[in-house]
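Notes follow once the structure below has been shown.
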Amino acid sequence: MTYELYYWPEIQGRGEYVRLALEEAGAAYVDVARGPRGVAAMMKMMDAEKGTPPFAPPFLKAGKLVIGQTANILLYLGARHGLAPKTEAGRLWVHQLQLTITDLVVEIHDTHHPLGPSLYYEDQKAPAKKRTADFWDERVPKYLGYFEQLLDANGGTYVTGRRPTYVDLSLFQIVEGLRYAFPKRMKAFEADVPGLVGLHDRIAARPNIKAYLASKRRIPFNEQGIFRRYRELDR
């Protein structure tokens, strides 16, 4: 089966967590909206008045199934491609961790759009500076410290043990994105999370991920996505 992934074609965004899982699994997939008339096809599926239309991308079409929400998609893919534990308790635990990452992603986005996505960044620079300061003082240590503790408790290789899961792939993306958006702040903070830095490097070196990162399929970070580099916020 060839999966159909639907997400905005110009950004990594939330769709990137799904792409990383598909790439690591070596699964056949089409990034639909990056093809001709792909965005129109994506919008048509969301506007459907029957069935189970998704609220927003990313969503995945797997045969007759249409699955929305990043964590929900990864729950599905993880069980089918060896990217989650085999036990029900293990799968729920990894899903819980992914939902925690989802919360972190929202907070990362809100550093540059604290007043809401309907306003331009230029309209909320002062609140963004305040939000970013709190993010680095309070939220980053809380979130990344939590995952650092989990890594240490499980031997330091991957979050749940010796085999990677989609949560490890998502944490790679978090580290990579924070390095892009906040290079100065992240460089200073990385000494506090050596386990996460090591995890990032192990994921980056995995053959399928390494090939993906070097390919044109990997959309570069830019100032339209979740991770945005604004010099005035990185001090």
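Listing for the model above:
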| quantity | calculated |
| --- | --- |
| Filter result (among the β-branched types (Val, Ile, Thr) and open to solvent by less than 30 Å² (accessible area, probe 1.4 Å)) within the stretch 160-196 | THR165, VAL167, ILE174, VAL175, VAL193 |
| Condition check for ASN208: surrounded by fewer than 19 Cβ atoms within 10 Å (Cβ to Cβ), polar (S, T, N, Q) and in a loop (DSSP other than H, G, I, E, B) | no |
| Answer from LYS129, LYS142 - the residue that is open to solvent by 80 Å² or more (accessible area, probe 1.4 Å), within 19 Å of the chain's Cα centre (by Cα) and within 30 Å of ARG235 (Cα to Cα) | LYS142 |
| The stretch 56-80 - residue that is within 18 Å of the chain's Cα centre (by Cα) and assigned to a loop (DSSP other than H, G, I, E, B) and, of those, surrounded by the fewest Cβ atoms within 10 Å (Cβ to Cβ) | ALA56 |
| Meets criteria (open to solvent by less than 40 Å² (accessible area, probe 1.4 Å), small (Gly, Ala, Ser) and within 15 Å of VAL159 (Cβ to Cβ)) for GLY90 | yes |
| Restricting the stretch 123-149 to residues that are in contact (Cβ under 8 Å) with a residue 24 or more places away in the chain and in contact with a Gly (Cβ under 9 Å, 6 or more places away or on another chain), the residue that is farthest from ALA71 (Cα to Cα) | GLU148 |
| Single residue of the stretch 178-192 satisfying the filter (of a type in the set (A, V, I, L, M, F, W, C) and in contact (Cβ under 8 Å) with a residue 12 or more places away in the chain) that is farthest from LYS142 (Cα to Cα) | ALA181 |
| VAL197 over 15 Å from the mean Cα position of the chain (by Cα) and in a helix (DSSP H, G or I) | yes |
| Among (1) within 17 Å of the chain's Cα centre (by Cα); (2) exposed (fewer than 13 other Cβ atoms within 10 Å of the Cβ), the one test that GLU122 misses | (1) |
| Hits in the stretch 1-53 (condition: surrounded by 14 or more Cβ atoms within 10 Å (Cβ to Cβ), hydrophobic (A, V, I, L, M, F, W, C) and in a loop (DSSP other than H, G, I, E, B)) | TRP8, ILE11, ALA27 |
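The values are calculated or read from the model by the stated rules, or taken from the named source; none is laboratory data. If you're wondering where the values come from, they're calculated on a predicted model, not measured in any experiment. Note that we place each Cβ from the backbone using ideal geometry, even for glycine, and neighbour counts take in every protein chain shown. Areas reflect the complete protein model, heavy atoms only, side chains present, ligands, DNA and RNA absent. Shrake-Rupley method; radii C 1.70, N 1.55, O 1.52, S 1.80 Å.
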